[in-house]
1. Kindly evaluate residue 100 against the criterion of being touching a Ser or Thr at 6+ places or on another chain (Cβ under 6 Å), near the ligand (Cβ under 10 Å from one of its atoms), open to solvent by less than 40 Å² (accessible area, probe 1.4 Å) and assigned to a helix (DSSP H, G or I).
2. Considering only residues that are in a loop (DSSP other than H, G, I, E, B) and open to solvent by less than 30 Å² (accessible area, probe 1.4 Å), look in the range 31-84 and name the one that is farthest from the ligand (Cβ to nearest atom).
3. I'd like the full set of residues that are at pLDDT 95 or above and either open to solvent by less than 40 Å² (accessible area, probe 1.4 Å) or under 17 Å from residue 26 (Cα atoms) (or both), limited to the range 126-136.
Amino acid sequence: MDGTVIEEKASPYERIGGAEGVRRLVDAFYDTMERNPAYAELRAMHEPDLGPTRDSLTGFLSVWLGGPRKWIEKRGGFCIMSRHAKMNVTGATAGQWMAAMRDALAEVGVEPELAEKMDGALSQLAEAMAWRGKAG
Ligand code: HEM
């Protein structure tokens, strides 16, 4: 059979620098969200203390990038779409989320090929959250 073969290179988790690399990206993401007035609407949706959210996004992205599955196993049955379903994500706040993530990817210097792939996949997620927000 002549199927498509997915190349098994280093995982995105390894390429981004493992646990430390993911944490650097997440910190850059929430730091820019806190600092940049363009993301004020998105920031206001979050708890005043972003500490626990920083830990969660680090855990989630580690699994999503092919790293250790500890975080998601502890959160049994965690679904990222369901978690956001009642947050009334709009096109505007989804756009702010992606813009902040792009800032963070650039700031920590994620290699361009990986940054582009993450941008594409995360954009689809963010877009789907905005549809869900509209659907109620
Ligand atoms: C599209 C726009 C998005 C908005 C407006 C948004 C907003 C939020 C808000 C308000 C929270 C609650 C955290 C708090 O209160 O501090 C949250 C949690 C979270 N978000 Fe998002 N989010 C978006 C997209 C995403 C995407 C694309 C991902 C994953 C790639 C993601 C991953 C997470 C995770 C892991 C948590 C923590 C959940 C938990 O620990 O229960 N978010 N988000």
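1. Taking the combined requirement at face value, the residue satisfies it.
2. 67
3. 126, 128, 129, 130
The values are calculated or read from the model by the stated rules, or taken from the named source; none is laboratory data. None of the values given here were measured: they were computed from a predicted structure. With ideal geometry, Cβ positions are generated from the backbone for all residues, glycine too; neighbour counts draw on all protein chains shown. Remember, those area values only see protein heavy atoms, side chains included, never the ligands or the DNA or RNA. Shrake-Rupley method; radii C 1.70, N 1.55, O 1.52, S 1.80 Å.
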